[in-house]
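Derivation of every value follows stated rules applied to the coordinates shown; laboratory data play no part. Only a predicted model underlies this, so the values are computations on that prediction, with no experimental measurement involved. Heads up, the Cβs are rebuilt from the backbone with ideal geometry, glycines too, and the neighbour counts pull from every protein chain shown.
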Amino acid sequence: MAEVLVYVDHVDGAVRKPTLELLTLARRIGEPVAVALGTGAADTAPVLAEHGAVKVLTHDAAEYADYLVVPKVDALRAAYDAVSPSTVLLPSSAEAKEIAARLAVRTGSGLITDAVDLEAGEEGPVATQSVFAAAFTTTSRITHGTPVITVKPNSAPVETAPAAGTVEALSVVFSAQAAGTKVVSRTPRESTGRPELTEAAIVVSGGRGVNGAENFALIEALADSLGAAVGASRAAVDAGWYPHASQVGQTGKSVSPQLYIASGISGAIQHRAGMQTSKTIVAVNKDAEAPIFDLADYGVVGDLFEVVPQLTEEIKKRKG
């Protein structure tokens with residue numbers, strides 16, 4: 001069976017959920033070979049093997065932390081040359097999409113980004129995408145070179161499928177361009193204790209109707225009762241009510257959770273483009289004509305200042 005190269009997104013050996021989803025998709029089209037780079041790369045092997053990686057290629061070097069992107073492209077190209085894969089899969093993070101694009105250029109291959117599904121086809125993997133602000137769903141495949149595909153988080157289930165997970169050291173020679181952009185400082189992001197927005201199974205978002213930064217406490221309380229991430233519309237972010245890193249929309253982050261709760265969000269196309277692929281959408285808005293209701297699976301016409309606290313309390317009661 002053809003081997004599928006899977007780029008591993010991890011933090012000091014802790015594998016992030018989108019990579020485990022990629023392994024599920026990789027098994028549909030071949031045998032997953034994982035590529036783990038940087039500090040703790042070898043520590044990823046047990047988890048990757050548990051989720052189907054037949055082989056784990058690892059490499060650690062200071063360049064991965066000291067410089068941006070290119071060292072990882074060099075390493076992935078080295079893995080590509082060593083394995084000759086049928087497909088290369090990466091998560092659809094900002095960094096991984098840049099890595100994917102650079103790899104595609106280097107290998108003369110076609111590139112598909114932000115796929116939401118992947119299936120085997122007679123002439124190569126077939127990727128499903130949600131395009132034009134999620135107004136259309138398309139299927140496509142690469143016709144030139146080795147398919148390089150990035151996949152959005154929450155596009156596939158995480159499934160265990162124990163495999164050998166044989167660890168092999170990857171030989172990497174860094175290019176002259178690897179030292180082109182140096183990281184001179186880092187500022188740790190303050191942890192909220194909530195899931196990462198793009199990876200969360202549940203997202204609770206607030207918009208213009210929240211009417212102030214202090215009122216986002218209602219949104220946060222509902223999110224915490226559900227173990228959810230907190231999002232915000234562009235209007236709320238532009239008003240300074242919530243950090244830009246939490247913006248959901250065409251100019252923010254794209255999410256695809258199992259459950260998306262929109263409170264006080266009208267449903268402008270800019271916002272819809274970032275959350276329309278959510279599995280179940282619940283909207284709370286006092287305007288019965290708000291466009292968000294055209295998209296919602298369930299809608300509540302009411303004042304969010306009354307509905308959201310009641311919903312939060314009811315969830316807490318049911319959780320016991």
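Give a residue-ordered list of calculated ³J(HN,Hα) values for the stretch 153-158 (Karplus: 6.51 cos²θ - 1.76 cosθ + 1.60, θ = phi - 60°; whole Hz; x for Gly, Pro).
x, 6, 8, 8, x, 8
Describe numerically, in nm with one decimal, the distance between label points set 7 Å from Cα along Cα→Cβ at ARG141 and at HIS244.
4.1 nm
What residues qualify as long-range amide H neighbours of TYR67, i.e. H under 5 Å apart, gap of 5 or more or another chain, H built at 1.01 Å from N?
Answer set, sorted by chain and number: VAL183.
Using only the alpha carbon atoms of the stretch 170-320, find the Kirkwood hydrodynamic radius as the inverse mean reciprocal pair distance, in angstroms to one decimal.
The answer is 16.4 Å.
With springs connecting C-alpha atoms under 10 Å apart, model the chain as a Gaussian network and identify which of LEU25, LEU304, LEU57 has the largest mean-square fluctuation.
LEU304
A 21 angstrom limit on the alpha carbon distance is what I want to check against. Which of LYS72/LYS97; LYS17/LYS152; LYS97/LYS279; LYS17/LYS182; LYS97/LYS152; LYS286/LYS317 exceed it?
Pairs exceeding 21 Å: LYS97/LYS279; LYS17/LYS182; LYS286/LYS317.
Considering only DSSP beta bridges with both partners in the stretch 3-179, what is the antiparallel share in %, to the nearest 5?
Here the antiparallel bridges make up roughly 30 percent for the stretch 3-179.
Which whole-Hz couplings ³J(HN,Hα) result when phi for each residue of the stretch 245-252 is put into the Karplus expression 6.51 cos²θ - 1.76 cosθ + 1.60, θ = phi - 60°, listed in order with x for Gly and Pro?
My calculation for the stretch 245-252 gives 4, 9, 6, 9, x, 4, 9, x Hz in order.
Please work out the C-alpha center-to-center distance from the stretch 229-295 to the stretch 1-73 and express it in whole Å.
Measuring centre to centre over Cα atoms gives 32 Å.
Work out which GluC sites (Glu not before Pro) in the chain are exposed loop sites (DSSP not H, G, I, E or B, at most 10 other Cβ within 10 Å) and give the longest gap free of them.
The reported range is 1-121.
Where does the chain land at 222 nm, in deg cm²/dmol rounded to the nearest 500, when only DSSP H runs of n ≥ 4 count, each adding -39500 (n - 2.57), divided by all residues?
That comes out to -8000 deg cm²/dmol.
Starting from the amide H of GLY299, placed 1.01 Å from N in the peptide plane, find each other amide H under 5 Å away whose residue is 5 or more places distant or on another chain.
Hits under the 5 Å cutoff: ALA283.
Defining a contact as two alpha carbons under 8 Å apart and six or more residues distant in sequence, what relative contact order in percent does the chain show?
15 percent
Can you list residues from other chains, or at least 5 along the same chain, whose modelled amide H is less than 5 Å from the amide H of ASP117?
THR128
Which aspartates and glutamates does LYS316 reach when only Cα atoms under 15 Å apart count, and residues fewer than 8 places away in its own chain are ignored?
GLU220, ASP224
For an R0 of 25 angstrom, estimate the FRET efficiency from the Cβ-Cβ distance between GLU95 and ALA169 and round to the nearest 0.05.
It comes to 0.60.
Out of every Cα pair in the chain, what percent are spaced more than 24 Å from each other?
Cα-Cα pairs in the chain separated by more than 24 Å: 56 percent.
Mind sorting VAL301, VAL184 by how few other Cβ atoms lie within 10 Å of their own Cβ, fewest first?
The fewest-first ordering by Cβ neighbours comes to VAL184, VAL301.
Once the Cβ-Cβ distance between ARG186 and VAL131 is put in as r, and R0 is 35 Å, what FRET efficiency do you end up with, to the nearest 0.05?
That pair, ARG186 with VAL131, gives E of 0.50.
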